[in-house]
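Here's the structure we're looking at; comments come further down.
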Amino acid sequence: DIQMTQSPSFVSASVGDRVTITCRASQGINRQLGWYQQKPGKAPKLLIYATSTLQSGVPSRFSGSGSGTDYTLTISSLQPEDFATYYCQQGVSFPLTFGPGTKVEIK
Amino acid sequence: EVQVVESGGGLVPPGGSLRLSCVVSGFTFSDYWMFWVRQAPGEGLVWVSRLNNDGRSTNYADSVRGRFTITRDNAKNTLHLQMNSLRAEDTAVYYCASGLRSYYFDYWGQGIQVTVSS
């Protein structure tokens with residue numbers, strides 16, 4: 001199974017800040033990496049798939065990059081509605097696996 | 001607009017069974033994979049199962065293989081998860097999700113609570 005790790009596990013940031021979250025896979029995943037946003041009590045929402053492709057309707061302040069085993073999600077200017085938990089997920093083989101999550105909180 | 005609506009959750013004793021259902025609208029259900037994902041209280045997301053578009057190919061997490069069965073009725077745009085021999089560690093919110101992007105979960109239901117407890 002491919003193990004996914006994320007860092008940091010917690011981010012304290014202010015509106016307008018640039019935030020970067022890192023995801024690492026235990027083996028190369030050929031850029032098959034997705035990012036999800038989850039707010040408390042709500043279902044997750046797909047933000048980005050295949051490393052850098054924005055899902056329809058997702059604001060352009062979200063971007064993704066990476067290759068091999070290392071990937072990043074960047075929020076260029078944090079907005080109030082972006083405070084949430086973010087998960088990465090590998091999409092290359094079963095079992096599909098998620099990272100443990102990064103909680104972005106208001107500073 | 002895509003809609004995904006789960007039903008069938010509840011409280012069940014250890015060893016019991018439950019059947020979750022998920023009705024989908026807004027896309028051609030029979031063309032795409034479907035998934036179940038769960039989230040235990042205060043925990044992260046865990047993929048549970050996947051079913052291909054014609055219902056003939058399945059994948060399961062090791063933790064549920066042999067106890068859970070995923071099926072679909074393409075005529076009714078409905079996905080099911082039959083859960084048998086339930087354990088306390090199966091307690092979670094279960095989400096139904098579509099796989100229009102194959103290996104990614106692009107549209108999610110609101111989630112349904114399953115609690116396994118005596």
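Read-outs throughout are calculated quantities, based only on the coordinates presented, and are distinct from any laboratory measurement. Fair warning: this is a prediction, and the values are worked out from it, not measured in the lab. Note that we place each Cβ from the backbone using ideal geometry, even for glycine, and neighbour counts take in every protein chain shown.
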Quick calc, chain B, dipole around Cα centre from Cβ unit charges on Lys, Arg (+) and Asp, Glu (-), nearest 20 debye, gives 280
Is the C-alpha gyration tensor of region A:13-52 telling us rounded, prolate or oblate? Criteria: a/c under 1.5 is rounded; beyond that, a/b larger than b/c is prolate, otherwise oblate. oblate
Magnitude of the Cβ-charge dipole (Lys and Arg +1, Asp and Glu -1) of chain A about the Cα centre, nearest 20 debye, reported as 120
Give the aspartates and glutamates reachable from A:Lys45 as a straight Cα distance under 19 Å; neighbours fewer than 8 places away on the same chain don't count. A:Glu81, A:Asp82, A:Glu105, B:Glu1, B:Glu6, B:Glu43, B:Asp106
Debye sum, Cα scatterers, chain B, no solvent: what log₁₀ I/I(0) at q = 0.10, 0.12 1/Å? -0.26, -0.37
Of all trypsin sites (Lys or Arg not before Pro) in region B:1-106, which ones are in loop regions per DSSP and have a Cβ with at most 10 other Cβ atoms within 10 Å? B:Arg56
Write down the radius of gyration of region A:54-107 and its Dmax, each obtained from C-alpha positions, in Å. 12.6, 37
Considering the protein assembly as shown, which cysteines have no disulfide-compatible partner, defined as another cysteine with its Cβ under 4.7 Å away? none
Working only with C-alpha atoms, what are the Rg and Dmax values of region A:1-85, expressed in angstrom? 12.7, 38
Given 37 °C, 0.692 mPa s and a Kirkwood radius over Cα pairs, the Stokes-Einstein diffusion coefficient of the protein assembly as shown in µm²/s is 184
Label point at B:Ser17 placed 7 Å out along Cα→Cβ; residues across region B:83-106 whose backbone nitrogen lies under 14 Å: B:83-86
Please report, to two decimal places, log10 I(q)/I(0) for region B:1-54 at q = 0.13, 0.15, 0.23, 0.31 Å⁻¹ as given by the Debye formula with identical point scatterers on the Cα atoms and no solvent. -0.44, -0.58, -1.12, -1.27
Considering all alpha-carbon pairs of region B:57-113, what whole percent are spaced by more than 19 angstrom? 34
Neighbour-count ranking [beta-carbon atoms within 10 angstrom, fewest first] of A:Ile106, A:Ile21: A:Ile106, A:Ile21
